[in-house]
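The block underneath contains the structure these notes are about, expressed in structure tokens.
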Amino acid sequence: IWSLSDLNKIGRDWEYPMDGRYTLMADIDASDTINWDGDKGFKPIILVGRFDGNRNVIRNIYINRPDEDYVGLFGLVYGEVLNIGVENVQVVGNWNVGGLVGYNIGTVTQSYSTGFVVGRENVGSLVGLNDGTITQSYSTSSVSGSWSVGGLVGENNGTVSQSYSTGSVVGNGIIGGLVGENIGAIAQSYSTG
């Protein structure tokens, strides 16, 4: 993946299947997404395969889908996301909303997000709903929602380890600086938000 155009092809172009293995080869400025899809911005990616950010950064991604669920750069992750930073994200969704991943059933490793995330339920600055594993990751994003709102993860049914959050968290109920609702496991992690 060399460009915003390449990124937008994942799962939408036959040469870029959902179950592919991708490596980000350069930083990407996604500022233009504010003009996409009638003000809805970037359409979240469904990833079954592997996305290695290669320690590169995607900046200024804009997603404005307040009536949609599974919203984030990656709406659904069944596979693996690692070594990626998303900076200055603007993400708005309904249920299962995160700056990087809306719903994680796979693994997120050594990744981070900055910016702001807004949703209704299961809203996290990095991951909205986690049924998988999150390791060595962090967020400084501010997050706002109604229920199950967390500085890193909105609702965790999986595992979070060696991770942290520093952003502000606002919600109506089931709110946490690190995780809003935890039914899973958390180890070696903290929040200063």
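The values are calculated or read from the model by the stated rules, or taken from the named source; none is laboratory data. As the structure is a computational prediction, the values presented were derived from the model and not from experiment. With ideal geometry, Cβ positions are generated from the backbone for all residues, glycine too; neighbour counts draw on all protein chains shown. SASA here: full protein model, heavy atoms, side chains in, ligands and nucleic acids out. Shrake-Rupley method; radii C 1.70, N 1.55, O 1.52, S 1.80 Å.
Numbers at a glance
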{"quantity": "Enumerated strands (runs of 3 or more DSSP E) restricted to region 115-179, each holding at least 3 residues that are among the aliphatic types (A, V, I, L, M) and free of Cβ contacts under 8 Å to residues at least 12 places away in the same chain", "calculated": "none"}
{"quantity": "Verdict on E87 being among the acidic types (D, E), free of Cβ contacts under 8 Å to residues at least 60 places away in the same chain and in a strand (DSSP E or B)", "calculated": "yes"}
{"quantity": "Of residues in region 92-115 being within 9 Å of the chain's Cα centre (by Cα) and open to solvent by less than 10 Å² (accessible area, probe 1.4 Å), the one farthest from S142 (Cα to Cα)", "calculated": "N104"}
{"quantity": "Qualifying residues in region 1-29 (those that are more than 17 Å from G72 (Cα to Cα), out of contact with any Ser or Thr (no Cβ under 8 Å at 6 or more places or on another chain) and aliphatic (A, V, I, L, M)) - the one surrounded by the most Cβ atoms within 10 Å (Cβ to Cβ)", "calculated": "L24"}
{"quantity": "Test: residue in region 64-81 that is open to solvent by less than 70 Å² (accessible area, probe 1.4 Å), part of a strand (DSSP E or B), touching a Ser or Thr at 6+ places or on another chain (Cβ under 8 Å) and closer than 17 Å to G115 by Cα", "calculated": "no"}
{"quantity": "Leading residue by the ranking (nearest to G85 (Cα to Cα)) among those in region 30-59 that are in contact with a Lys or Arg (Cβ under 6 Å, 6 or more places away or on another chain) and open to solvent by 20 Å² or more (accessible area, probe 1.4 Å)", "calculated": "R50"}
{"quantity": "Condition check for I34: farther than 16 Å from G98 by Cα, touching a residue at least 12 places away in the same chain (Cβ under 8 Å) and outside any loop (DSSP other than H, G, I, E, B)", "calculated": "yes"}
{"quantity": "Hits in region 128-162 (condition: open to solvent by 10 Å² or more (accessible area, probe 1.4 Å) and closer than 11 Å to E181 by Cβ)", "calculated": "L129, W147, E155, N157"}
{"quantity": "Test for S146: is it polar (S, T, N, Q), closer than 21 Å to G75 by Cβ and in contact with a Gly (Cβ under 7 Å, 6 or more places away or on another chain)", "calculated": "yes"}
{"quantity": "Checklist (1) of a type in the set (A, V, I, L, M); (2) more than 22 Å from L152 (Cβ to Cβ); (3) within 12 Å of the chain's Cα centre (by Cα) applied to V48, failing item", "calculated": "(3)"}
